[in-house]
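The values are calculated or read from the model by the stated rules, or taken from the named source; none is laboratory data. This is a predicted model, so every value here is computed, not measured. Every residue, glycine as well, gets a Cβ built from its backbone with ideal geometry; the counts of neighbours run over all protein chains shown.
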Amino acid sequence: MIMNRLRQIFEFFKMRKSLRLIVLAAILLQVILAIQHYYTHRLLEKDLDRDAERELIMKAVLVKGILTANEAALISCEWSVRENLQNPDSVFNSGRWILQSTKHLDGCGIAFVPNYYPSKGRLYELYVNKDDETVRPIAGPDHDYTQMEFYRKAIEQDDRFWSDPYINTAGNHKLITTFSLPVHAAGKTVAVMAIDMPVDWMSDTIDRRHNYPSSFNLLLTEDGRPIVQPHANHVNAHDVQQVIELINDSTVKRSPSTSGISTVIDFTSKADGSDGRIYYANMKGHPHWQLVVVCYDDEVYHDLNWMTLNLLMLILFTLAVFAFIVRRFAVSERKLQEAKIEQERIGGELRVASTIQQSMLPHSAEGREQRDDVDAYGMLRPAKEVGGDLYEYFIRDEKLFFCIGDVSGKGVPSSLVMAVTQAIFLASAAHTSQPASIMRTINQTGCRNNERNMFVTLFIGVLDLPTGRLRYCNAGHDTPLLMTDDGPQWFDVKPNLPLGVIDGFEYAAQECLLPPGATLLLYTDGVTEAMDEKHNQFGRQRLLDCLTQCHDADSSQLVNRVVHAVDEFVNGAEQSDDLTMLAVRYTPSERAVILDEHLALHNDVSQVPRLNEFVESVAQQLELDKTLQQQLKLAVEEAVVNVMQYAYPIGTTGDIDVNAQCDGEMLKFIICDQGKAFDPTQTARADTSLSVEDRPIGGLGILLVRELMDSINYERVNGRNLLTLRKKLK
């Protein structure tokens, strides 16, 4: 005891030291990983700044190049306009050349200062549309160009001017921008030349070739109004609007990029919560528009995050392996000891379970001692400590109830299902003598919460001992063998489905008459599928041949001979499945009848005195004592009155026959009627422990009959109810 305590203390301190080393190593590795992640993140951030500004410059060059080309085309035509000022109608013929030689234009025009050509009116503007290239005047009351930005700014600044984009309401309603240029003659401004350029072409230019798949670009005016936005199918429209609002919000925190070329804003998307960065800068010169590049952290730092996560998982895995090895060495001896103790415990529990399982099976000797009209014997030999086979039999109300079954699988799970199936069979058979009804009850329970998809093959039989009538139902079990004077033969059974497969399945019952001396052998597939070392099976034919040599054997001898034949065949090979058999031999007695009396009655309680006289006459002929006579009169009267009251519809007359037979040892009264089917033996027994107020009505009559007689038996034969009361004479 002291040594064990010292060993535990030593292992505790050894484990604490090992745990400290593991924790220290984990912290050190995490610090290294965090430092590496931080500096790598900084490097990637600098690369992102350079890439974003490189993209801004590239987009600015593309846009500026187109704008400059259009400016140059218009400037090159200024001399032509000055040369033709004296000819108003041909002053702007060069406008066609501008449209033909320049891309991305909708039209061009020239607007003269007011009253420059008095003959043309106060306002005079010539315009060439790219669609038809026709020069035509467009000034008028509804088109006062002197109030328009392109004209005013060019006159006021006396310099070239790019207008902010606007909707061309006088033309095709496109978003356009206008470049205007003042024309001078004799030292003063005489006109303003202008070209209209749509901005839709810039959308493809701006939104092309991104550094990252989800990045996008914007082109804004100097005061932050959108000129070009990305296609709706490329980015989230909510993110675009959020970026524009952040750039225009003076309260938003901004910082210069590492090179100082652009301004940076960190943001979090309101649409999906992803983080990103906004880079924006104004184009040099005029127009002073803003170019914007938006990048998301998920893509920028994807490889870094993936690498960090994998390194973290690798570190954790390494530490886990290291901890496992340390713990393995520290507790290996203790685990081995515990495993040995656990193994012994499980072995002991399995031995107890095996004993309990065997004790749940019926003892065959009881049936032979109590009855001389039936001989039943069964055996179960599990392949493991506990098995999934079952058999059961008992006698109730002159009927032998028996079953045999096989649960799918082996071991403890199957044994639990076996115990439940056996318990449900006993509970159901206590209230009904219909095999199909018992089978349906077991199937309903077996299908409930059957997550392991286990099933049971089962054969149920109910043998009426006085008549030899056998009612039976089979649920996918192996076909039994019937041994008669003609030799063994396969029993006629409908297979049906095993239990636990389909809830609500209707099981078909069958019935037949067993001849006196017949033996029914039931078995599980552990018999026919028993294998030798070469994996040959015992088979159905060997079983049939074995039974041919057991014609005069009783039930126990029959089972033991089959077991011996199987053992000889397998010749020491390991048993692969549970081996179970049940033999039922029907041996009715044939004593001579010394008394046979008959009484015919109507369903009228006024005839009860005749019934009592009949019972007294039978008792006197058999010289029975007064006490027994009173018991017989009370039991028979209770049974017959019950038939009188309930067998036939109210207001109708029916016959009731009472036969009394005695063979010297057993006296029986057979009550026969042709009324509706009713089995009084299935009526729930009254609970006499309850008070009169709490006890439900009914059940006392059948209880009284059971107490006074040794047995009662009910059969429905050819539309007639047969209720037999038996009393053994001393």
Subject >> the range 181-214 - residue that is among the hydrophobic types (A, V, I, L, M, F, W, C) and part of a helix (DSSP H, G or I) and, of those, surrounded by the fewest Cβ atoms within 10 Å (Cβ to Cβ) >> reply: Trp201
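Residues are listed down the side, and each one gets a yes or a no for (1) part of a helix (DSSP H, G or I); (2) farther than 27 Å from Gln434 by Cβ; (3) touching a Lys or Arg at 6+ places or on another chain (Cβ under 7 Å); (4) among the charged types (D, E, K, R):
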position: Val593; (1), (2), (3), (4): no, yes, no, no
position: Asp596; (1), (2), (3), (4): no, yes, no, yes
position: Ala600; (1), (2), (3), (4): no, yes, no, no
position: Ala619; (1), (2), (3), (4): yes, yes, no, no
position: Glu623; (1), (2), (3), (4): no, yes, no, yes
position: Ala635; (1), (2), (3), (4): yes, no, no, no
position: Asp657; (1), (2), (3), (4): no, no, no, yes
position: Cys672; (1), (2), (3), (4): no, no, yes, no
position: Thr681; (1), (2), (3), (4): yes, no, no, no
Subject >> Unique match (being charged (D, E, K, R), modelled with pLDDT of 85 or more and closer than 30 Å to Val228 by Cα) among Asp106, Asp158 >> reply: Asp158
Original post:
Do we have Asp577 as touching a Gly at 6+ places or on another chain (Cβ under 6 Å) and either of a type outside the set (Phe, Trp, Tyr) or in a strand (DSSP E or B) (or both) here?
Top reply: yes
Subject >> Test: Phe425 is buried (at least 21 other Cβ atoms within 10 Å of the Cβ) and closer than 30 Å to Ile670 by Cα >> reply: yes
Original post:
So, of the residues in the range 389-422 that are at positive phi and small (Gly, Ala, Ser), which turns out to be surrounded by the most Cβ atoms within 10 Å (Cβ to Cβ)?
Top reply: Gly411
**OP:** Could you tell me whether Met3 is surrounded by fewer than 10 Cβ atoms within 10 Å (Cβ to Cβ) and either out of contact with any Cys (no Cβ under 9 Å at 6 or more places or on another chain) or at pLDDT below 80 (or both)?
**Re:** yes
Subject >> Residue list for the range 385-405, filter: within 28 Å of Ser576 (Cα to Cα) and touching a Leu at 6+ places or on another chain (Cβ under 8 Å) >> reply: Glu385, Val386, Gly387, Asp389, Leu390, Tyr391, Glu392, Tyr393, Phe402, Cys403, Ile404, Gly405
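Only one residue in His535, His551 is assigned to a loop (DSSP other than H, G, I, E, B) and more than 45 Å from the chain's Cα centre (by Cα), so which one is that? Show your work before the answer.
Values: His535 fails: more than 45 Å from the chain's Cα centre (by Cα).
After ruling out the rest, the residue left standing is His551.
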**OP:** Among the residues of the range 540-586, count how many are surrounded by fewer than 18 Cβ atoms within 10 Å (Cβ to Cβ) and either touching a Ser or Thr at 6+ places or on another chain (Cβ under 6 Å) or among the hydroxyl-bearing types (Ser, Thr, Tyr) (or both).
**Re:** 3
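Only one of Val31, Val23, Val63, Val81 is loosely packed, with under 15 Cβ neighbours inside 10 Å and at pLDDT 75 or above; which? Walk me through how you get there before you give the answer.
Working: Val23 fails: at pLDDT 75 or above; Val63 fails: loosely packed, with under 15 Cβ neighbours inside 10 Å; Val81 fails: loosely packed, with under 15 Cβ neighbours inside 10 Å.
After applying the criteria, what remains is Val31.
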Original post:
Of the residues in the range 84-98, how many are surrounded by fewer than 19 Cβ atoms within 10 Å (Cβ to Cβ), out of contact with any helix residue (DSSP H, G or I) (no Cβ under 9 Å at 6 or more places or on another chain) and under 26 Å from Pro198 (Cβ atoms)?
Top reply: 1
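Please find, within the range 503-532, the residue that is farthest from Leu463 (Cα to Cα) out of those that are assigned to a loop (DSSP other than H, G, I, E, B) and aliphatic (A, V, I, L, M).
Ala530
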**OP:** Run Gln537 past the list (1) buried (at least 16 other Cβ atoms within 10 Å of the Cβ); (2) without any contact (Cβ under 8 Å) to a residue 40 or more places away in the chain; (3) under 21 Å from Ser408 (Cβ atoms) and report the number of the one that doesn't hold.
**Re:** (1)
Original post:
Under the condition of being in contact (Cβ under 8 Å) with a residue 60 or more places away in the chain and under 17 Å from Tyr586 (Cβ atoms), which residue from the range 486-514 is surrounded by the fewest Cβ atoms within 10 Å (Cβ to Cβ)?
Top reply: Gly487
**OP:** Take the range 248-274 and flag every residue that is without any contact (Cβ under 8 Å) to a residue 24 or more places away in the chain and over 18 Å from Arg42 (Cβ atoms).
**Re:** Asp249, Ser250, Thr251, Val252, Lys253, Arg254, Thr263, Ile265, Thr268, Gly273
Original post:
Would the range 421-435 turn up any residue that is assigned by TED's automatic domain parsing to the domain that holds Gln549, over 23 Å from Lys399 (Cβ atoms) and among the aromatic types (Phe, Trp, Tyr)?
Top reply: no
Subject >> Among the residues listed as Leu304, Leu311, the single one being closer than 30 Å to Asn211 by Cα and at pLDDT below 80 >> reply: Leu304
